[in-house]
């Protein structure tokens, strides 16, 4: 697979002054989040992306990396509720994309998916400055907090998205939580590993609160 999409429109605080205010109000430092982007995908496969990271996103756009970025891979967001930045079906330019993201200290990127009426979709993309891979686990465990923050951001940008897309967009009338039991493998794994997971979350509370930034996850005697 080569280019993932062509019809994409990208906006930063250069175009929307409100971005920084919304980011700091709802999202900044939620599970040590450093980067947040919200993407509206229309039924016609047009993408409208608002990013909190002006410098990174500007360079990303200038390099045309969005055409190869697996965060916007339809096979992923059509079939999954969340996925890692490192997953996807596009192999071209992935090394360059990863290098650019890490040069801006963006690690453990994860995308959370909202499916709306009328075949619209919202992609909430988050990343942290903490390189420890345990952050992906913490993102998933805090999925509903991230989704709620993303929903608030969408509501704030609703009129902007409607104007730019020239579409009558559905509203998020009520919060729809992510239900872990709807993913049997994850749910069964968590039930079997509950004591271990609770212990892990307790030990990692410092990461969430901005402490102990050098904690590393070790699995099977290997550093993750």
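Residues in the stretch 129-149 that are under 25 Å from residue 17 (Cβ atoms) and in contact with a helix residue (DSSP H, G or I) (Cβ under 8 Å, 6 or more places away or on another chain): 129, 146, 149. Just one of the numbered conditions (1) part of a helix (DSSP H, G or I); (2) farther than 23 Å from residue 164 by Cα; (3) modelled with pLDDT under 90 is not true of residue 101: (3). In the stretch 40-51, what residues are assigned to a strand (DSSP E or B) and more than 17 Å from residue 14 (Cα to Cα)? Across the stretch 40-51, the qualifying residues are 40, 41, 47.
Of all residues in the stretch 143-179, those that are part of a helix (DSSP H, G or I) and in contact (Cβ under 8 Å) with a residue 12 or more places away in the chain total 19. None of 83, 104, 48, 68 is surrounded by 14 or more Cβ atoms within 10 Å (Cβ to Cβ), under 21 Å from residue 155 (Cα atoms) and touching a residue at least 24 places away in the same chain (Cβ under 8 Å) except 48. For residue 38, the requirement of being surrounded by 16 or more Cβ atoms within 10 Å (Cβ to Cβ), closer than 22 Å to residue 160 by Cα and in contact with a strand residue (DSSP E or B) (Cβ under 9 Å, 6 or more places away or on another chain) is met.
For residue 120, the criteria (1) buried (at least 17 other Cβ atoms within 10 Å of the Cβ); (2) at pLDDT 95 or above; (3) within 21 Å of residue 23 (Cβ to Cβ); (4) out of contact with any strand residue (DSSP E or B) (no Cβ under 6 Å at 6 or more places or on another chain) hold in every case but one, which is (3).
The values are calculated or read from the model by the stated rules, or taken from the named source; none is laboratory data. No experiment lies behind these values; they were computed from the predicted model shown. Here the Cβ is made from the backbone with ideal geometry for all residues, glycine too, and neighbour counts use every protein chain on show.
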